[in-house]
1. Suppose the filter is touching a residue at least 24 places away in the same chain (Cβ under 8 Å), in contact with a Leu (Cβ under 7 Å, 6 or more places away or on another chain) and among the hydrophobic types (A, V, I, L, M, F, W, C); does Val70 pass it?
2. Which residues, counting only those in region 106-118, are within 16 Å of Leu4 (Cα to Cα) and either out of contact with any strand residue (DSSP E or B) (no Cβ under 8 Å at 6 or more places or on another chain) or open to solvent by less than 30 Å² (accessible area, probe 1.4 Å) (or both)?
3. Which of the residues belonging to region 15-44 are part of a loop (DSSP other than H, G, I, E, B) and more than 14 Å from the chain's Cα centre (by Cα)?
4. Quick check on region 176-191. Is at least one of its residues in contact (Cβ under 8 Å) with a residue 60 or more places away in the chain and surrounded by fewer than 15 Cβ atoms within 10 Å (Cβ to Cβ)?
5. Could we say that Thr123 is surrounded by 15 or more Cβ atoms within 10 Å (Cβ to Cβ) and modelled with pLDDT of 95 or more here?
6. Of all residues in region 202-227 being open to solvent by 50 Å² or more (accessible area, probe 1.4 Å) and within 15 Å of Ile69 (Cα to Cα), which is modelled with the highest pLDDT?
7. Restricting the search to region 60-75, which residues are touching a strand residue (DSSP E or B) at 6+ places or on another chain (Cβ under 6 Å) and within 24 Å of Tyr14 (Cα to Cα)?
8. Run Phe31 past the list (1) surrounded by fewer than 22 Cβ atoms within 10 Å (Cβ to Cβ); (2) farther than 21 Å from Val156 by Cβ; (3) not aliphatic (A, V, I, L, M) and report the number of the one that doesn't hold.
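The values are calculated or read from the model by the stated rules, or taken from the named source; none is laboratory data. These numbers come from a predicted model, not from an experiment. Using ideal geometry, Cβ is built from the backbone for each residue, glycine included, and neighbour counts are taken over all protein chains shown. Ligands, DNA and RNA are stripped out before the accessible areas are found, and what is left, the full protein with its side chains, is counted by its heavy atoms. Shrake-Rupley method; radii C 1.70, N 1.55, O 1.52, S 1.80 Å.
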Amino acid sequence: MLMLALGDSITYGYGASAPEKRFAERLRARFARQVRTTLHVQAKPGWTARQLFKSLQDLPPCIVEEAEIVTLMIGGNDLLRSAPLLLTRRADLIQDIMRRCEEDVERLVEWCKRPHSTFGIATLYNPFPNFELAEEVTQAYNDRVRGIALRHGLVVVETYKAFRGHEPNYVEHYRSGQFRDLRLFRNPIHPTDEGHEALAKAFFRALQRARSKERARAMRGRAARRA
């Protein structure tokens, strides 16, 4: 079985103490207990949704066509790059940013979703839980993600809920949970090893549940055809 992991620095493995401790590899290992599973990671630090989409143009088509599991966690860099506009707190600007993000993520989904694949799309966790605007923006973005999932039949992976209340342990270099904690180096954004484990658990539970339902539907369909 082929698993395709799409994203930015989090999927790439930032914050993990070793490559095998990044969430994508932890997730592959969980599925590998059931069936031989290989992993392709299409992720790079700093990528926005548009940059990730651009990178897919050079990806061998067979990877997307053969992937039975696809994970997507993207959007953090889109929001960080829009921070100067978001900090104005102007509702019209925030809505414009959310609309653009939604369009970019939906284009990714349309490019990669196949009828045979189980596709998990993650909400974003908020590394600044004590900053009200960050909380509002994260929730607004996550609502758009849930809408995309509903329209395209994707599995929503609630990493926001998995991290909520655990940020000091799950976010690397966590300080006070305020936006002012941003630095040139050692930013409190990426998951710790514990955070990567929490991401892997959240993805596995959601995807495994969806795959079990898909198998049950297939069995019922075969039984109906034999009747």
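1. Taking the combined requirement at face value, the residue satisfies it.
2. Start the filter on region 106-118 by keeping residues that are within 16 Å of Leu4 (Cα to Cα), which leaves 108-118.
Selection gives Leu108, Val109, Glu110, Trp111, Cys112, Pro115, Ser117, Thr118.
3. If we filter region 15-44 for residues that are part of a loop (DSSP other than H, G, I, E, B), which is where we start, we get 15-18, 22, 33-37, 44.
Passing the criteria: Gly15, Ala16, Ser17, Ala18, Arg33, Gln34, Val35, Arg36, Thr37.
4. No, that holds for no residue.
5. Working: surrounded by 15 or more Cβ atoms within 10 Å (Cβ to Cβ): yes; modelled with pLDDT of 95 or more: yes.
Yes; evaluated as a whole, the condition is true for this residue.
6. Across region 202-227, the extreme among qualifying residues is Arg205.
7. The answer is Ile63, Ala67, Ile69, Val70, Thr71, Leu72, Met73, Ile74.
8. (2)
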